[in-house]
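**Q** What follows is a single structure, and I will ask about it in a moment.
Only the coordinates and a few stated rules stand behind these numbers; no lab work does. All values reported here derive from a predicted model rather than from experimental measurement. Glycine also receives a Cβ, built like all others from the backbone with ideal geometry; neighbour counts cover every protein chain displayed.
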Amino acid sequence: MYTRPGTRRGGAFSGTQGSRKAPLTALLIVFIIISTVMTFLFLRSVRYKNNVELQFRRQVVNAVVDAIDNVNRLTTGVQSDSANKLSLVRQNVHLIDKVNEFSKSLGGNAYVDEEAVQVLYDDIISYEKLLATGTSSTLEARDALLTHLTAVHAFLRDLN
């Protein structure tokens, strides 16, 4: 029987056309595998970034709460342990500042505005000056520091 070139009796393609489909099929399979792997890696990196942001936010909130607790322990007058208590507040404010820097360096946003952190540092410095002189009441400086920390805490609470 006479057959056309390029076909067989069953209607299938000849070996030359079948060999053209094999590389395309292999290329399609490789593309599907690469797409699946890239999707998996992307989802994993998104989950990691979300976990990092959550941990940073928790650290900032904990630092603010600890700073508020330490300010509440300060008395309105100058006592022998006032400087130690104030140093704990400074450590918490420094932690807030550093977590902000870490977040920004990783491409995120600061959790507390830099100006707010600077105001907290200024409040601490003014309180330290009052402690150094030891002649006046520290009530106003303590209240200013507590007010600013409470405002930062309210901002973070509204952020969630």
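**Q** Just name one of Ser105, Ser126, Ser137: the one whose Cα is farthest towards the positive end of the charge dipole of the range 22-150 (beta-carbon charges, Lys/Arg +1, Asp/Glu -1).
**A** Towards the positive end, the residue furthest out is Ser105.
**Q** Here's a follow-up. With n ≥ 4 as the cut-off for DSSP H runs, can you work out [θ] at 222 nm for the chain, using -39500 (n - 2.57) per run divided by the number of residues, rounded to the nearest 500?
**A** Numbers: 4 runs with 124 residues, N = 160.
Dividing the helical sum by the residues of the chain leaves -28000 deg cm²/dmol.
**Q** Only one of the listed values, (1) 34.1, 121; (2) 32.5, 119; (3) 24.3, 84, was derived from the coordinates as Rg and Dmax of the Cα atoms in Å; which label is it?
**A** Computing Rg and Dmax of the Cα atoms in Å and matching it to (1) 34.1, 121; (2) 32.5, 119; (3) 24.3, 84 gives (2).
**Q** Helix 139-159 against the longest principal axis of the chain: what's the angle in degrees, Cα atoms only, rounded to the nearest 10?
**A** 20 degrees
**Q** Using the crude model of +1 on Lys and Arg Cβ and -1 on Asp and Glu Cβ, and no other charge, please compute the dipole size for the range 111-160 relative to its Cα centre, in debye to 20.
**A** Numbers: 3 positive and 9 negative charges, 44 e Å.
In debye, rounded to 20, the range 111-160 gives about 220.
**Q** Per residue of the range 33-40, what does 6.51 cos²θ - 1.76 cosθ + 1.60 with θ = phi - 60° give for ³J(HN,Hα)? Whole Hz please, x for Gly and Pro, Karplus curve as stated.
**A** Each residue of the range 33-40 in turn: 5, 5, 4, 5, 5, 5, 5, 4 Hz.
**Q** Quick one: check the C-alpha center-to-center distance for the range 15-69 versus the range 100-160, whole angstrom.
**A** The distance from the Cα centre of the range 15-69 to that of the range 100-160 comes to 38 Å.
**Q** Okay, next question. With everything on Cα atoms, drop me the angle between helix 82-105 and the longest principal axis of the chain, reported from 0 to 90° to the nearest 10.
**A** Helix 82-105 sits roughly 20 degrees off the main axis of the chain.
**Q** How large is the charge dipole for the chain, taken about the Cα centre, if only the Cβ atoms of Lys, Arg (+1) and Asp, Glu (-1) carry charge, to the nearest 20 debye? Write down the numbers at each step before the final one.
**A** Numbers: 18 positive and 15 negative charges, 443 e Å.
The dipole magnitude comes to about 2120 debye.
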